[in-house]
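What follows draws every value from the coordinates through simple rules; no lab data is involved. Predicted model only: the values in this text are computed from it and were never measured. Heads up, the Cβs are rebuilt from the backbone with ideal geometry, glycines too, and the neighbour counts pull from every protein chain shown.
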Amino acid sequence: MDPTDDKIKAECLRLLAGREHSRKELTQKLAPKGFAKEGIEAVLDQLAEENWQSDVRYAESYARSRILKGYGPVFITYELRQNGIDSAHLPPFDLEALAESVAGGWMALLRQVYSRKYGSGPAPNRNEWAKRSRFLQQRGFTSAMIMDLFAFVRHAETGNGSLPNE
């Protein structure tokens, strides 16, 4: 390994000591420092082989932190793609299973986010439903999930029979 590769590796390890990084993030952080792309790629290959850098580990860590902050699957998947992670290329990474283990599933998380933001007051009017729906969509929940949540809220309020998705 030449001295430049040693510098690249040292910089990568410094960054990885703070938190997990995706391969794309490391490349983006190292390129402006004047390192050659070929050198960066070679060092990143070596770090991945030695398990110092792992896109799967990064994806799980990142998704876990986003789930804990109340973000849904659409938002998390989008952000992971922006950071160079495509779940189709990472079969060991299962976002659904992670959501289940961290928050009890997407619907449980959606209910938590909704109740934290809006409480359990009376049923809102049509305009308020639309406003709440937009908020939840911006948090990365699908329209189907939001419709199920609103059905849950209506059922809980009226006390009618069984609740959806329970």
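Any chance you could list the semi-axes, whole Å, largest first, of the equivalent ellipsoid that the Cα gyration tensor gives for segment 106-158, using √(5λ)?
Its equivalent ellipsoid spans semi-axes of 15, 13, 11 Å.
For the chain, what does -39500 (n - 2.57) per DSSP helix run (n ≥ 4), summed and divided by total residues, give at 222 nm, in deg cm²/dmol to the nearest 500?
Values: 9 runs with 112 residues, N = 166.
Estimated from H runs of four or more residues: -21000 deg cm²/dmol.
Longest span of the chain, sites excluded, free of trypsin sites (Lys or Arg not before Pro) in DSSP loop with at most 14 other C-beta atoms within 10 Å? Can you show the working numbers first?
Details: sites that count: 19, 69.
With a cap of 14 other Cβ atoms within 10 Å, the longest stretch comes to 70-166.
Rounded to two decimals, what is the ratio between the C-alpha radius of gyration of segment 3-53 and 2.2 N^0.38 Å? Working shown, then result.
On the way: Rg = 9.5 Å, N = 51, 2.2 N^0.38 = 9.8 Å.
Relative to the rule-of-thumb radius for its length, segment 3-53 sits at 0.97.
Computed from these coordinates, which is Cα extents along the principal axes in Å: [x] 71, 28, 24; [y] 65, 36, 31; [z] 48, 34, 32?
The value computed from this structure is option [x].
Keeping to pairs on different chains or 8 or more places apart, tell me how many lysine pairs in the chain have Cα atoms under 24 Å apart.
Total qualifying Lys-Lys pairs in the chain comes to 15.
Express in nm, to one decimal, how much length is gained between residue 157 and residue 116 on full extension, taking 0.36 nm for each residue of separation and deducting their alpha carbon distance. If you can, show how the numbers build up before the last one.
Values: separation 41, 0.36 × 41 = 14.76 nm, distance 1.68 nm.
Difference between extended and current length: 13.1 nm.
If you keep only loop residues by DSSP, which GluC sites (Glu not before Pro) in segment 28-120 have at most 16 other Cβ atoms within 10 Å of their Cβ? Walk me through the numbers on the way to the answer.
Numbers: sites: 38, 41, 49, 50, 60, 79, 96, 100; in loops: 50.
In loop regions of segment 28-120 (DSSP not H, G, I, E or B), the sparsely surrounded GluC sites (Glu not before Pro) are 50.
With r defined as the distance between the Cβ atoms of residue 15 and residue 137 and R0 fixed at 45 Å, what FRET efficiency is calculated, to the nearest 0.05? Don't jump to the answer; show the numbers that get you there.
Values: r = 34 Å, r/R0 = 0.74.
E between residue 15 and residue 137, to the nearest 0.05, is 0.85.
Rounded to the nearest 0.05, what FRET efficiency do residue 96 and residue 51 give with R0 = 22 Å and r taken as the Cβ-Cβ distance? Could you check?
Numbers: r = 25 Å, r/R0 = 1.13.
After rounding, the FRET efficiency stands at 0.30.
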